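Following: one structure in structure tokens, then a few remarks.
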């Protein structure tokens, strides 16, 4: 009898970023970990994507065309107070970092330090 090994999914992750290359880069950095990914390209779509996918984690860009990540974070955490959102951005700005946490973000990571995202996710498992 042949045994089938299935990859156990630890967490569902929603990536919200208006650049497909950035979403691909994030998936690459997390690719060795057993995550199930969903993506959307703007903060304006993030709440609907969250409702449909029910992710354990959201990796949210800050600057997007229709709705920025802070506004999207506020929307999601208002509707789902248990939501865990990590702002993943190019902007190393203390005011923006404070605003992110005030909006309900769980973490704030610079895109140049994507390994920090992996560490945060592994240090704070949902199961």
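The values are calculated or read from the model by the stated rules, or taken from the named source; none is laboratory data. Everything numeric in this text was worked out from a predicted model, so none of it was measured. Glycine gets a Cβ as well: all are built from the backbone with ideal geometry, and neighbour counts include every protein chain shown.
Mind checking which residues of region 85-105 are under 16 Å from residue 40 (Cβ atoms) and without any contact (Cβ under 8 Å) to a residue 40 or more places away in the chain?
Answer for region 85-105, where residues must be under 16 Å from residue 40 (Cβ atoms) and without any contact (Cβ under 8 Å) to a residue 40 or more places away in the chain: 85, 86, 87.
Which pairs have Cβ atoms under 8 Å, sit 6 or more apart or on different chains, and link a residue in region 73-84 that is farther than 18 Å from residue 98 by Cα to one that is surrounded by fewer than 17 Cβ atoms within 10 Å (Cβ to Cβ)?
79/51
Of all residues in region 76-91 being more than 13 Å from the chain's Cα centre (by Cα) and in a loop (DSSP other than H, G, I, E, B), which is surrounded by the most Cβ atoms within 10 Å (Cβ to Cβ)?
The residue in question is 80.
So which residues in region 92-127 are closer than 23 Å to residue 24 by Cβ and surrounded by fewer than 14 Cβ atoms within 10 Å (Cβ to Cβ)?
Across region 92-127, the qualifying residues are 92, 112, 113, 115, 119, 122.
Tell me, please, whether a residue that is modelled with pLDDT under 95, under 15 Å from residue 48 (Cα atoms), part of a loop (DSSP other than H, G, I, E, B) and in contact with a helix residue (DSSP H, G or I) (Cβ under 7 Å, 6 or more places away or on another chain) can be found in region 63-70.
There is at least one residue in region 63-70 that is modelled with pLDDT under 95, under 15 Å from residue 48 (Cα atoms), part of a loop (DSSP other than H, G, I, E, B) and in contact with a helix residue (DSSP H, G or I) (Cβ under 7 Å, 6 or more places away or on another chain).
Residue by residue through region 12-26, note down the ones that are touching a strand residue (DSSP E or B) at 6+ places or on another chain (Cβ under 6 Å) and either assigned to a loop (DSSP other than H, G, I, E, B) or surrounded by fewer than 19 Cβ atoms within 10 Å (Cβ to Cβ) (or both).
12
Counting just the residues of region 31-49 that are assigned to a helix (DSSP H, G or I) and in contact with a helix residue (DSSP H, G or I) (Cβ under 6 Å, 6 or more places away or on another chain), which one comes out surrounded by the fewest Cβ atoms within 10 Å (Cβ to Cβ)?
47
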